[in-house]
Every structure is written in structure tokens, then in C-alpha cells.
Amino acid sequence: MSMKVIVDLQACQGYACCMMEAPAVFDLDESAGKAILLQETPTDDLRAQVDSAARVCPARAITVENG
Amino acid sequence: MRRVVVVGASLAAVHAIEGLRDHGYAGEIVLIGAEPHLPYDRPPLSKEALHQGPEVDKVHLRAPEWYADAGVELRLGRRATALDPARRIVVLDDGTPEEYDGMVLATGSTPKTLSTLGDVGPVNILRTVDDAVALHGQLIPGRHLVVLGAGFIGLEVAATASEMGLDVSVVELAPVPLTRVLGDEVGQWFRTHQEAHGVQLHCGSVLDGIDPGAGGSKIRLHNGTVLSADLVVAGVGVTPATGWLEGSGVRLADGVVCDKSLRTSVPGVVAAGDVTRWYNALFDEEMRVEQWTNAVEQGRHAAASLLGADEAYTPVPYFWSDQFNAKMRFVGRANAAEQVHVERMDDTSMVALFGRDGVLRGALCVNAARRLAQYSRAIRDQVPWGDVVEP
């Protein structure tokens, strides 16, 4: 089962929690104070990290869809 | 296990419930909450929700149907008043006994009040969404607000009210705000930042008393200063909401005392969130963390422990504060730091590192959050202080 990651940049407040949980999937644009999605469809070995990132996002800006 | 009772309709509670279901628990779940509301998000209550006027359905952590889908029976507007571990019963304030096989304690914190000062008239506190609604209604441009306590909540309320056009003064006992947590140099940055936006700080000020009057209150400081306030907000800290557990057999000591996996002294009872005191081996420290991210992770971890897992809970704590245009993010621990190293500091940004026992333990970034991931990893790996701080 593959996953698709969606970041709501409107909601994102640059907390950086996502990049601490899943650095291969999320980065941060410091001048904009917004997350950067590095890969939209990460491989399944990153699932636990991506799920954690979505869970600890204070802005609840991350959605993980199962494809 | 057939019946889990979660006490406290909190962030930790939501994640404990989610954790129970994700880990395959299929039995009953009962959620008890003292407030009439479904669990909601507190951080916005001193920031954007306070500015805009909080609406409870906008700060809900989960939509109402989530609880039905997760098979959660709600007992909202009901306070737990006693726990009887021998009979495995928790008693509610209407006398109803709820039986449990497993229990999650997630009752959070209660704000401290100024009761030692006697009759101080109307002083607002900010903890619940109802508090935020009441406070929002009084934040009228041109009014003078006095905030008692320059902690994070106090400074956030000061910033929000100032942005709404109020004239804001903050009274703080310590000579520098946040100094107990972050040290003088970092605290001074926040003071300057607040003052640059027009907030007046009265630091090193002992509060002698508040005289309520028809047209507002007079705030008397020990140095003779008298501040006139149209409204007063006290942000003087919180205490863990454990009063109802006195005498129950659950071991208490400034919170609920837990083992490394968040189990309390009573079988079948775990704790999560602000109330939990546990040993975090990563920092070699018994700690209690009153922060959002901890409530999420601890709720989930406590659920796994309740279902039989034995893993130690060893997080690197994270918290944030937004004041005007300063987005402060912090990882790790700053308490009892032996070294504080300010790596970068200007009008709009800052990076500061906190060390103890020769290792990096904490890092603070203002408008510079990209570094956090690197520091968080260094704290987890217990990287020597000398390797992080360039000479």
C-alpha cells in the first residue's frame, strides 16, 4: 500500500515538528516559515515517521492518504 | 481488558484513545471530562483564537463523529471525584460509579489563582475555551490591560491584546522574564521584543495588592508604583489536577508518579499529559512536562503500556510560543543548564543552546526553526557540548 502526503501550507506555521520526525520527507523554508514537502509519495519504510509527523503537527497541516 | 476509562477530556486523552484503537484494543472506552466540551486545542486560546474570538467547534481536536467512529462513550460535564482501585471504580460528581479494567489519567492542569491576596475583584485567568471567550469580550481597543506574570501565557496574552489595540502592562516578580526557564540573556531578548511592540514590563516587581473599584482596579506594586487597569489577567502558573486522587492509593508527588513506561503505582492505571511525573532516561531526570507535543506522544505511549508494552518513554520535549512576529520553538530541556550559549541574536531572530553534564540538552530558535531538527537529533544522540558549540 502506498501513501500520499498532503501539506496545507495555509495552516502550516513553521513549527518544524514534521522535519524532526521525518527529515527525508519534510524540510522547512525559513524565510517563508513554511514546510517544504520533499517527496509526495514516500516509500512504505517511512510510514511510521510520516504518521508521527502528521500526529505531532500542532497546526494539523499534514494529511496522509492511503493509495 | 474490556473497559478502559479515560479521565480528562484532553489532548493526551484523544491520543491515548487513538493509540488504544491503533494497537488493536477492541473493548469499551469511556471518556470523562469536567467541561461540557469535546476535547479541544488549548494553544490557540492565547493567540489567534483569542484575537478572533474563540468558537469551540473551531478548536475541537476531533470532530464529534470521530468519537462515535472510535466507539467512545462520552461523559462530558462530569468531574471524577474519587478512585477506588480495590473495586476498580471511578466515581463521578453525580455519584455514578464507572467500572474500569484499565484507566488513563489525563486530567491536565489547574491554573493557580491569587487567593493569597484576599479579595482582588475580577481577575481573569486563561485555561479553558470558556475563559478565552470571556476574556475576548473584554479585549476592547484603548483599554488598559495588566497581565500578572511574564511566563509564556502572560507574554502571549500581552502580545495578542497589544495587537488588538489595548494598552498593555506586564508585572513580573523576577528581574527578567522567563529567566528561571531560559536564563537572563534569552529572557532579556523577550523583554526587549515585547517593549519594542509597546508592551510595558514591570520586572522585579512584588505585587502588594489589587484594589477593585467601579471603574477598574488599582494594582499596587511594592516599589510604590500604582497601575490602573480596566482588566487584569493572571498567568501565574498551573498545578497538576490531581486533588481528586488524594487518598486513592495512586502515588502523588507534584503530579502522578509513574514508572519509565508511564504506569502509576496502581495496577491497570497509566497517566499521560501535564499530570504525569516520570523518569526520562535520556535526560537522567524525573520530569513533568506541561506541553502540547508531550501530551500527544505521552497519550499514545501510555495507551501502549496499558495494553502490556514495557517500552520506556524517553522523548526530547518540544514547545513553542508566538509573540508578535517572534516564532519561538524549543527542543529539549533548559532547566538547570550549566552552560547557555547564544549562537545568534539580532532584533528578529535568535539561536541559543543549553548544556549540562558536558552534553547538549536544549536548543531555542526564534524565526530560525530549520536548525531545530539538527539539534533535536544531537540531543537524542547526547552529543558532547564542545562538538555543538563552536569555539
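For the reader, a short list of remarks on this structure follows.
- Residue-averaged [θ]222 nm for chain B, counting only DSSP H segments that reach four residues, each worth -39500 (n - 2.57): -7000 deg cm²/dmol
- Per-residue [θ]222 nm for chain A (sum of -39500 (n - 2.57) over DSSP H runs n ≥ 4, rounded to 500): -5000 deg cm²/dmol
- Residue by residue, region B:76-92 carries 3J(HN,Hα) couplings of 8, x, 10, 9, 6, 10, 7, 10, 10, x, 5, 9, 6, 9, 10, 9, 8 Hz when phi is fed to the Karplus relation 6.51 cos²θ - 1.76 cosθ + 1.60 (θ = phi - 60°); x denotes Gly or Pro.
- Between region B:163-193 and region B:261-331, the alpha-carbon center distance in angstrom: 27 Å
- Relative frequency of Cα-Cα separations exceeding 15 Å in region B:248-317, percent: 44 percent
- A:Thr41 - accessible surface, heavy atoms, 1.4 Å probe, Å² rounded to 10: 90 Å²
- Simple point charges give the picture: +1 on the Cβ of Lys and Arg, -1 on the Cβ of Asp and Glu, and for region B:115-234 a dipole about the Cα centre of about 100 debye.
- Each Cα pair under 8 Å and six or more residues apart adds its separation to the average, and for region B:205-244 the resulting relative contact order is 29 percent.
- Under Karplus coefficients 6.51, -1.76 and 1.60, residue-wise ³J(HN,Hα) of region B:225-233 in Hz, glycine/proline x: 5, 10, 9, 8, 10, 6, 8, 10, 10
- Bridging of B:Lys112 to lysines at a Cα separation below 30 Å is possible for B:Lys47, B:Lys58, B:Lys218, B:Lys260, B:Lys327, once same-chain residues fewer than 8 apart are set aside.
- Reduced Cα scattering model of region B:314-391, Debye log10 I(q)/I(0), q = 0.15, 0.25, 0.26 Å⁻¹: -0.46, -1.21, -1.29
- When Rg and Dmax are taken over the Cα atoms of the protein assembly as shown, they come to 22.2, 69 Å.
- Among A:Ser31, B:Ser248, the order of accessible area from largest down is A:Ser31, B:Ser248, computed with a 1.4 Å probe on protein heavy atoms.
- Contour excess over end-to-end distance, with Cα ends at B:Glu55 and B:Asp259 and 0.36 nm allotted per residue: 69.6 nm
- Approximating the spin labels as points 7 Å out from Cα along Cα→Cβ, the B:His23-to-B:Ala134 distance works out to 3.8 nm.
- Counting Cβ atoms of other protein chains within 10 Å of each residue's Cβ and taking the mean over peptide B:177-187 gives 0.
- In Hz, Karplus ³J(HN,Hα) per residue of region B:164-173 (6.51, -1.76, 1.60; θ = phi - 60°; x = Gly, Pro): 7, x, 8, 8, 10, 10, 10, 10, 9, 5
- Inter-label distance, A:Ala24 to B:Arg370: 2.2 nm, where each label sits 7 Å from its Cα along the C-beta direction.
- Selected from B:Tyr25, B:Val256, B:Thr179, residue furthest toward positive end of dipole (chain B; charges at beta carbon): B:Tyr25
- Checking every one of the trypsin sites (Lys or Arg not before Pro) in region B:71-153 against DSSP loop status and a limit of 15 other Cβ atoms within 10 Å picks out B:Arg87, B:Lys112.
- Segment B:Ala63-B:Glu311, extension gain: residue separation times 0.36 nm, minus the distance between their alpha carbons: 86.2 nm
- Residue-level accessible surface for B:Phe283, protein heavy atoms, 1.4 Å, Å²: 20 Å²
- Centre-to-centre separation between the Cα atoms of region B:49-85 and those of region B:88-149: 15 Å.
- Spin-label model distance (nm) - B:Met1 vs B:Asp93, 7 Å beyond Cα toward Cβ: 2.7 nm
- Paramagnetic reach from B:Glu73 in region B:237-270 [backbone N under 19 Å; point 7 Å along Cα→Cβ]: B:269
- For B:Phe283, residues with placed amide H under 5 Å, excluding near neighbours: none
- Region B:242-367, relative contact order [Cα under 8 Å, separation at least 6], %: 16 percent
- Area accessible to solvent at B:Glu18, 1.4 Å probe radius, in Å²: 40 Å²
- Spherically averaged projected area of the convex hull of Cα atoms, chain B: 19.9 nm².
- Kirkwood hydrodynamic radius (C-alpha pairs) into Stokes-Einstein, region A:3-66, 10 °C and 1.306 mPa s, D in µm²/s: 141 µm²/s
- B:Val226/B:Ala196 FRET efficiency (R0 22 Å; Cβ-Cβ; nearest 0.05): 0.30
- For B:Thr239, the residues 5 or more places off, or on other chains, whose built amide H falls under 5 Å of its own are B:Thr110, B:Lys112.
- Selected from B:Ala369, B:Ala16, B:Ala234 as most flexible by GNM, with chain B as the system and alpha-carbon contacts under 10 Å: B:Ala369
- Legend: residues B:Lys58, B:Lys327, sorted from most to least accessible area (1.4 Å probe; ligands, DNA and RNA excluded), read B:Lys58, B:Lys327.
- Inter-chain neighbour count for B:153-165: the average number of beta-carbon atoms from partner chains within 10 Å of each residue's beta-carbon is 0.
- Shape of region B:115-234, Cα gyration tensor, a/c cut at 1.5: oblate
- Computed on the Cα trace of region B:87-149, the radius of gyration divided by the Kirkwood hydrodynamic radius gives Rg/Rh = 1.16.
- Once you reduce region B:196-220 and region A:29-46 to the center of their Cα atoms, the two points are 46 Å from each other.
- Across region A:1-45, the mean sequence separation of Cα contacts (distance under 8 Å, 6 or more residues apart), normalised by length, yields a relative contact order of 46 percent.
The values are calculated or read from the model by the stated rules, or taken from the named source; none is laboratory data. Note that the structure is predicted; figures quoted are calculated from it, not measured. Here the Cβ is made from the backbone with ideal geometry for all residues, glycine too, and neighbour counts use every protein chain on show. These accessible areas exclude ligands, DNA and RNA; they are computed on the full protein's heavy atoms, side chains included. Shrake-Rupley method; radii C 1.70, N 1.55, O 1.52, S 1.80 Å.
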